[in-house]
1. Out of Phe113, Phe178, Phe227, any idea which swings most in a Gaussian network model of the chain, alpha carbons joined below 10 Å?
2. What order do you get for His34, His60 when you list them from fewest to most C-beta neighbours inside 10 Å?
3. Looking only at Phe63, Phe198, Phe24, which one moves most when the chain is put into a Gaussian network model with springs between Cα atoms under 10 Å?
4. Take the alpha carbon atoms of region 234-261, find their center, do the same for region 177-209, and report the distance between the two centers in whole angstrom.
5. How do Glu97, Glu135 line up, fewest other C-beta atoms within 10 Å first?
6. Taking neighbour Cβ counts within 10 Å as the exposure measure, how do Lys289, Lys110 sort from fewest upward?
7. By DSSP, what percent of the beta bridges with both residues in the chain are antiparallel, rounded to the nearest 5?
Amino acid sequence: MAPEFVTISNLIIDDIVLADGRSFMNTLGGAGTHTLVGMRPWSGALGFVAYRGDDLDPLHRSFLEAMGVDLRGVVLRPGQRTARAWQLFEPDERRIEIFRTSIEDFDRAKPQFSEIPADYLQARGFHIQWGAPGELVQLITQLRAVNPSARIICEPALAHLAGALDANRPVLTLVDVFSPDREEARALVGSDDIATIFSCLLGAGARIVALRMGALGSLVGTAAGEFVRVPAVPPRAIVDVTGAGNAYCGGFIAGIGRGDEPALAAARAAAGASFAIEQIGVPRFDDAKLAEAARRLEWALERITISRDLATFLPIAGVPG
């Protein structure tokens, strides 16, 4: 079955050390993996574009396949190891990522457009966290050429953002949704101020900006002048917050891709993100989990607020602007 939604990003094996000293080695992770978690409550037909080395644990493949993920787009790079990183958590929940794969090797190994399976290209929606701005423009242009109706969300990579609003402007105009977290937005526009962030990004041509704020939820602004405040959906338990932002993006594109208005898509995003933080690694989605996803979506929808005036939502406690 051809995938409805595809992530073009990465697969990383995480070695996690929590603040209390507990450790979880060889944990399936990476932006793509967590994005798929956010997509899965809303679709059982998913595709993954990333690279892997010869050493990928077969158990990781089985976890993804059990989640309904087609792995034909996970390209083998012979002689290279799968990307790996330490994830170290401080008592205040700050996460320190230490890459164990050289950035040069990681970047060089990423899949190219020509390696994406042909049926993936007809997906309803794509999540992209991949490459420098110029590379992104080329990739998105190629996707648009073969599938003009596809919806695309771009989750920026911090390494390509510092003082680079002009370089990223073409990306903003090409995608349907641009979703930075607060640190990424600050790096890109040079300010913590929420009003400034939305003014700069929407002014640079973004159609929808979904600003992720962790436990404070998210704030979505559109070029049409609508703003949506979405609370974070409470999980069953908070175990590992790695990947919540990726999962949010996965839920958002699953919503936009099926025709949701931004407010409903943002509610799906918040509900999907809540499943990413309840366990180490990826969850298993059975009928009970899918029913819980529907309940969490309703919880979010009951608490969404919409306004045509951004100032309605400001200030947000703990956030400048």
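Computed from the coordinates by the stated procedures, all read-outs in this text should not be read as laboratory data. Bear in mind that the values here come from a model prediction, so they are computed numbers and not experimental data. Neighbour counts are summed over all protein chains in view; Cβ atoms, including those assigned to glycine, are modelled from backbone coordinates with ideal geometry.
1. Checking each option, the largest mean-square fluctuation is seen for Phe113.
2. Numbers: His34 29, His60 21.
Ordered by Cβ neighbours within 10 Å, fewest first: His60, His34.
3. Phe24
4. When both Cα centres are located, 19 Å separates them.
5. Ordered by Cβ neighbours within 10 Å, fewest first: Glu97, Glu135.
6. Values: Lys289 14, Lys110 19.
Arranged by neighbour count, lowest to highest, Lys289, Lys110 become Lys289, Lys110.
7. Here the share of antiparallel DSSP bridges comes out near 45 percent.
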